[in-house]
1. What residue, among those in the range 261-287 that are hydroxyl-bearing (Ser, Thr, Tyr) and within 41 Å of the chain's Cα centre (by Cα), is surrounded by the fewest Cβ atoms within 10 Å (Cβ to Cβ)?
2. State all residues of the range 255-285 that are closer than 25 Å to LEU166 by Cα and without any contact (Cβ under 8 Å) to a residue 60 or more places away in the chain; if no residue qualifies, say none.
3. Being touching a residue at least 60 places away in the same chain (Cβ under 8 Å), surrounded by fewer than 24 Cβ atoms within 10 Å (Cβ to Cβ) and either within 22 Å of PRO260 (Cβ to Cβ) or outside the structural domain of ALA213 (by TED's automatic domain parsing) (or both) is the filter here, so list the residues in the range 8-56 that pass it.
4. Among (1) without any contact (Cβ under 8 Å) to a residue 60 or more places away in the chain; (2) crowded, with 22+ Cβ neighbours inside 10 Å; (3) over 21 Å from LYS23 (Cβ atoms); (4) of a type outside the set (Ser, Thr, Tyr), which single condition is LEU130 missing?
5. For the range 228-242, which residues satisfy the criterion of being surrounded by 15 or more Cβ atoms within 10 Å (Cβ to Cβ) and out of contact with any Lys or Arg (no Cβ under 7 Å at 6 or more places or on another chain)?
6. Go through the residues of the range 62-80 one by one and say whether even a single one is polar (S, T, N, Q), under 23 Å from GLY178 (Cβ atoms), in a helix (DSSP H, G or I) and at pLDDT below 85.
7. Which of the residues belonging to the range 133-162 are polar (S, T, N, Q) and under 30 Å from ALA20 (Cβ atoms)?
Amino acid sequence: MATGSTKAVYAALFGNLGIAVTKFIAAAMTGSAAMWAESYHSASDTVNQILLLVGIKVSKKPATDMHQFGFGKSQFFWSFIVATMIFGISGILSLEQGFSSLLGEEHNFENPTINYIVLAIAFAFEANALRIALVQFKKPIIDRGEKIRPSTLYAEFKGSKDTSILTVVVEDSAALLGIGVAALGIFLTDITGNTTYDAVGSIVIGTILMSFAIFLAKENRGLLIGEAISPLQYRQIMFNVNSIPEVHKIVTMKTMHLGPTTVLVGIEVNLIDGLDTDKIETITDTIESEIMRVIPESKKEYIFVEIEK
């Protein structure tokens, strides 16, 4: 069964594939620089979705002797590659197209109606893909019993470790923004006859793509080099473990994401005096269970409890 991340990526993939072909045809027919930029954007997004699916598939491989904590971080790696491709392919090609049109000879600009139709169709596809991604993105908020409001959406966006969903949300948001910019540039060129607006539209699209790419690369970089759980989860685990009567105090706790939901947890606790070996083993199991209540989709074998002597 496909996961939420996989559904969102497939929706974006099929949408972008059809959109890319249509945009290239429209760009070739009309000569619009902004439409060429949008064509590069959609073509790059199509490849990006394939790479995200590769990351999701590889992340599900079982652990091996050489990779004893599994392959969950492959999602972070491929999402990072996607971010660099958005920057290096979509962004740079869009800027190059725009500056070439702006600084070179005036480029051809014909049949703008075709561009309007294609952009309208693209907007519908991208909006639907974003809707599907947002449904999956909001699911953790709903599962926690929180209301969907700007503050909770922002907190989830900053704290989410599901880079596949984040990438699709960012890509589709950038796509809708890019479509709007392209439509405006084409419209201004259409009514004024000045192709500068069309060229500037391509430059703006390239700038948008590169800005979003830098943000995605930064998010994935943190996860690749080892990012801890969110402050909220940290506080919840601390509260749960400290609430166990036999726990005197938590000495230290270190965490690291091995995947979007899989977390490595190392915790050292100081227990009250007078406990025998059997009781200590029982408390250790209780501590593991309390941690799993906060990160239920992780794995219990990745929790390491140490008792301070």
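The values are calculated or read from the model by the stated rules, or taken from the named source; none is laboratory data. Please read these numbers as outputs of a predicted model, since none were measured by experiment. Note: ideal-geometry Cβ built from the backbone for every residue, glycine included; neighbour counts use all protein chains shown.
1. For the range 261-287, the residue satisfying everything is THR282.
2. Our first condition is that a residue be closer than 25 Å to LEU166 by Cα; within the range 255-285, this holds for 255-265.
Of everything in the range 255-285, those that are closer than 25 Å to LEU166 by Cα and without any contact (Cβ under 8 Å) to a residue 60 or more places away in the chain turn out to be THR255, MET256, VAL263, VAL265.
3. Answer for the range 8-56, where residues must be touching a residue at least 60 places away in the same chain (Cβ under 8 Å), surrounded by fewer than 24 Cβ atoms within 10 Å (Cβ to Cβ) and either within 22 Å of PRO260 (Cβ to Cβ) or outside the structural domain of ALA213 (by TED's automatic domain parsing) (or both): ALA11, ILE56.
4. Result: LEU130 fails condition (3) only.
5. Here is the first cut: in the range 228-242, the ones surrounded by 15 or more Cβ atoms within 10 Å (Cβ to Cβ) are 228-230, 233, 236-237, 240-241.
Matches in the range 228-242: ALA228, ILE229, SER230, GLN233, GLN236, ILE237, VAL241.
6. Pass one, the range 62-80, residues polar (S, T, N, Q): 64, 68, 74-75, 79.
Those still in the list that are under 23 Å from GLY178 (Cβ atoms) too: 79.
Right, trim to in a helix (DSSP H, G or I) and you get 79.
Next, from what is left, pick out any that are at pLDDT below 85: none.
Scanning the range 62-80 turns up no residue that is polar (S, T, N, Q), under 23 Å from GLY178 (Cβ atoms), in a helix (DSSP H, G or I) and at pLDDT below 85.
7. Initially, the range 133-162 is screened for residues polar (S, T, N, Q), giving 136, 151-152, 160.
The answer is GLN136, SER160.
This table checks each residue for (1) at negative phi; (2) assigned to a helix (DSSP H, G or I); (3) at pLDDT 90 or above; (4) of a type in the set (Val, Ile, Thr).
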| residue | (1), (2), (3), (4) |
| --- | --- |
| LEU232 | yes, yes, no, no |
| GLN236 | yes, yes, yes, no |
| VAL241 | yes, yes, yes, yes |
| HIS248 | yes, no, yes, no |
| MET256 | yes, no, yes, no |
| GLU268 | yes, no, yes, no |
| GLY274 | no, no, no, no |
| THR286 | yes, yes, yes, yes |
| GLU290 | yes, yes, yes, no |
